[in-house]
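*Asks:* This is the structure I have questions about; it appears just below.
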Amino acid sequence: MTEIRPNQSIKLLQELHILTRDGKLNQDSRRKLKQVYHLYNFIEPLLKTLSEEHDDFSVVDHGAGKSYLGFILYDLFFKELSAGKIYGIETRDDLVKKTTQLAKDCKFERMHFLNLSVEASMTDKSLPETIDMVTALHACNTATDDAIKFGLQKKSKYMVIVPCCQAEVASILRKNKTPNSNSLSEIWRHPLHTREFGSQLTNVLRCLQLEAHGYQVTVTELVGWEHSMKNELIIAKYNPDTNKKKAALKLSGLLEDVGLSEMQERFFIP
């Protein structure tokens, strides 16, 4: 049975529709709570490491939306600290205003929301030059790739990514398909397979790109997210001992093997 953890903000959980207005957990909200606790269990050890290394560490959540993830991280971890900031990046102004007000109501003073695209956030002076952790939860299509690019530019120690749909790779596989393609192309000959293989291949390319930039990558599954097909979790930790050259060669070779050489700019390497 999933129960609320001690010292959590009841007001916050109600605003996030995890608790009903009378403070109860129904079947749907209990499932939501199970999901967020499971994700938090992966992120908490990383936050502990950052907080031990230096006080004023920073987390940026891209495609924040209603900032479901950011608020839970602050409530469970940040509010007990005297330093450390969370920035939610979102392009929809109405959501930025709502989350800003909710953070104010909950007295989450070190939680900030910015109405920015990922590209604009890379140069925005409101953000520190270095960001310790980047998160992106179900950022659609190429927004996940943009979040990775942001993390690379900001020299983030950790990236926690739950990818969403990505149609770009599948569309190029489809475009480059010819009757004389090699036998490997049979993997994506049918439209359904093109979409599924394109999604799988996208995440493989993302992992290789991260490794080529010096990250140690772990890929796992989020349990309790049975309602969503997008339940893959990518955790990347910067490790200077990573064999960057080997990963870069594999990435380049894979792009060539599947006819995606034109995507080298998307999955750029050092």
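The values are calculated or read from the model by the stated rules, or taken from the named source; none is laboratory data. As the structure is a prediction and not an experimental result, all values here were calculated from the model. Quick reminder, even Gly has a Cβ in these numbers, built from the backbone with ideal geometry, and neighbours come from all protein chains shown.
Let's see how each residue does on (1) modelled with pLDDT under 90; (2) on the phi > 0 side of the Ramachandran plot; (3) assigned by TED's automatic domain parsing to the domain that holds Thr178:
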| position | (1), (2), (3) |
| --- | --- |
| Val223 | yes, no, no |
| Met229 | yes, no, no |
| Ile234 | no, no, no |
| Ala247 | no, no, yes |
| Leu251 | no, no, yes |
| Leu255 | no, no, yes |
| Phe267 | no, no, yes |
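*Asks:* Would you confirm, using the coordinates I've provided, whether Val169 is within 15 Å of the chain's Cα centre (by Cα) and closer than 26 Å to Gly65 by Cα? Give the derivation first.
*Replies:* On the way: within 15 Å of the chain's Cα centre (by Cα): no; closer than 26 Å to Gly65 by Cα: yes.
In short, no.
*Asks:* Continuing with the same structure: Please go through segment 80-111 and pick out each residue that is of a type outside the set (A, V, I, L, M), surrounded by 19 or more Cβ atoms within 10 Å (Cβ to Cβ) and either in a helix (DSSP H, G or I) or out of contact with any helix residue (DSSP H, G or I) (no Cβ under 6 Å at 6 or more places or on another chain) (or both). Step through it out loud before you land on a result.
*Replies:* Within segment 80-111, the subset of a type outside the set (A, V, I, L, M) is 80, 82, 84-85, 87-88, 90-94, 97-101, 104-110.
Applying the additional criterion that residues be surrounded by 19 or more Cβ atoms within 10 Å (Cβ to Cβ) yields 84-85, 87-88, 90, 99, 108.
Of everything in segment 80-111, those that are of a type outside the set (A, V, I, L, M), surrounded by 19 or more Cβ atoms within 10 Å (Cβ to Cβ) and either in a helix (DSSP H, G or I) or out of contact with any helix residue (DSSP H, G or I) (no Cβ under 6 Å at 6 or more places or on another chain) (or both) turn out to be Lys85, Tyr87, Thr99.
*Asks:* Also, I was wondering about something else. The conditions are (1) surrounded by 15 or more Cβ atoms within 10 Å (Cβ to Cβ); (2) of a type in the set (Val, Ile, Thr); (3) over 20 Å from Thr220 (Cβ atoms), and Thr20 fails exactly one of them. Which is it?
*Replies:* (1)
*Asks:* Taking the residues in segment 166-187 that are in a helix (DSSP H, G or I) and in contact (Cβ under 8 Å) with a residue 60 or more places away in the chain as candidates, determine which candidate is surrounded by the most Cβ atoms within 10 Å (Cβ to Cβ).
*Replies:* Of all residues in segment 166-187, those in a helix (DSSP H, G or I) come to 168-175, 183-187.
Right, trim to in contact (Cβ under 8 Å) with a residue 60 or more places away in the chain and you get 168-169, 172-173, 184-185.
On the way: Glu168: 15, Val169: 26, Ile172: 18, Leu173: 23, Leu184: 10, Ser185: 18.
Residue satisfying both the conditions and the ranking: Val169.
*Asks:* Could you please let me know if Gln35 is closer than 19 Å to Cys106 by Cα and in a helix (DSSP H, G or I)?
*Replies:* Numbers: closer than 19 Å to Cys106 by Cα: no; in a helix (DSSP H, G or I): yes.
For Gln35, the condition - closer than 19 Å to Cys106 by Cα and in a helix (DSSP H, G or I) - is not met.
*Asks:* When the residues of segment 87-128 are filtered to those that are acidic (Asp, Glu) and without any contact (Cβ under 8 Å) to a residue 12 or more places away in the chain, which remaining residue is farthest from Asp56 (Cα to Cα)?
*Replies:* The first filter runs over segment 87-128 and keeps only residues acidic (Asp, Glu), leaving 90, 93-94, 105, 109, 119, 124.
Okay, now just the ones that are also without any contact (Cβ under 8 Å) to a residue 12 or more places away in the chain, so 94, 109, 124.
Working: Asp94: 29, Glu109: 13, Asp124: 19 Å.
Here the answer is Asp94.
*Asks:* Among the residues of segment 247-270, count how many are part of a helix (DSSP H, G or I) and touching a residue at least 24 places away in the same chain (Cβ under 8 Å).
*Replies:* Within segment 247-270, the subset part of a helix (DSSP H, G or I) is 247-257, 261-263.
Within this subset, residues satisfying the condition of being touching a residue at least 24 places away in the same chain (Cβ under 8 Å) are 247-248, 250-251, 254-255, 257, 262-263.
So the answer is 9.
*Asks:* Ok, one more. Out of (1) surrounded by 15 or more Cβ atoms within 10 Å (Cβ to Cβ); (2) within 22 Å of the chain's Cα centre (by Cα); (3) farther than 19 Å from Thr142 by Cβ, what's the single condition that is false for Asn239?
*Replies:* (1)
*Asks:* Consider Ser51 carefully, then state whether it is of a type in the set (Gly, Ala, Ser), surrounded by fewer than 21 Cβ atoms within 10 Å (Cβ to Cβ) and assigned to a helix (DSSP H, G or I). Write out each step before concluding.
*Replies:* Working: of a type in the set (Gly, Ala, Ser): yes; surrounded by fewer than 21 Cβ atoms within 10 Å (Cβ to Cβ): yes; assigned to a helix (DSSP H, G or I): yes.
Against the criterion (of a type in the set (Gly, Ala, Ser), surrounded by fewer than 21 Cβ atoms within 10 Å (Cβ to Cβ) and assigned to a helix (DSSP H, G or I)), Ser51 qualifies.
*Asks:* Still on this structure, please answer the following. Consider only pairs whose beta carbons are under 6 Å apart and that are at least six residues apart or on different chains; among these, list those whose first residue lies in segment 129-144 and is within 21 Å of Leu201 (Cβ to Cβ) and among the hydroxyl-bearing types (Ser, Thr, Tyr) and whose second residue is at pLDDT 75 or above and in a loop (DSSP other than H, G, I, E, B).
*Replies:* Cβ pairs passing all conditions: Thr144/Pro163.
*Asks:* Another one. For segment 177-184, state whether one or more residues are closer than 21 Å to Gln264 by Cα and modelled with pLDDT of 85 or more.
*Replies:* No, that holds for no residue.
*Asks:* Now for a different question. Can you pull out every residue in segment 145-165 that is at pLDDT below 90 and surrounded by 23 or more Cβ atoms within 10 Å (Cβ to Cβ)?
*Replies:* Within segment 145-165, just Pro163 meets the criteria.
*Asks:* When the residues of segment 9-32 are narrowed to those that are at pLDDT below 85, part of a helix (DSSP H, G or I) and not acidic (Asp, Glu), which ends up nearest to the chain's Cα centre (by Cα)? Break it down into steps so the answer makes sense when it comes.
*Replies:* Filtering segment 9-32 for residues at pLDDT below 85 gives 17-32.
Okay, now just the ones that are also part of a helix (DSSP H, G or I), so 27-32.
Going one step further and asking which of them are not acidic (Asp, Glu), we end up with 27, 29-32.
Values: Gln27: 26, Ser29: 22, Arg30: 23, Arg31: 21, Lys32: 18 Å.
Here the answer is Lys32.
*Asks:* Here is a list of conditions, (1) free of Cβ contacts under 8 Å to residues at least 60 places away in the same chain; (2) touching a strand residue (DSSP E or B) at 6+ places or on another chain (Cβ under 6 Å), and Glu3 meets all of them except one; can you say which number that is?
*Replies:* Every condition holds for Glu3 apart from (2).
*Asks:* Assess whether Ala120 counts as being part of a helix (DSSP H, G or I), more than 21 Å from Glu15 (Cα to Cα) and out of contact with any helix residue (DSSP H, G or I) (no Cβ under 7 Å at 6 or more places or on another chain). Can you show your working first?
*Replies:* Values: part of a helix (DSSP H, G or I): yes; more than 21 Å from Glu15 (Cα to Cα): yes; out of contact with any helix residue (DSSP H, G or I) (no Cβ under 7 Å at 6 or more places or on another chain): yes.
Yes.
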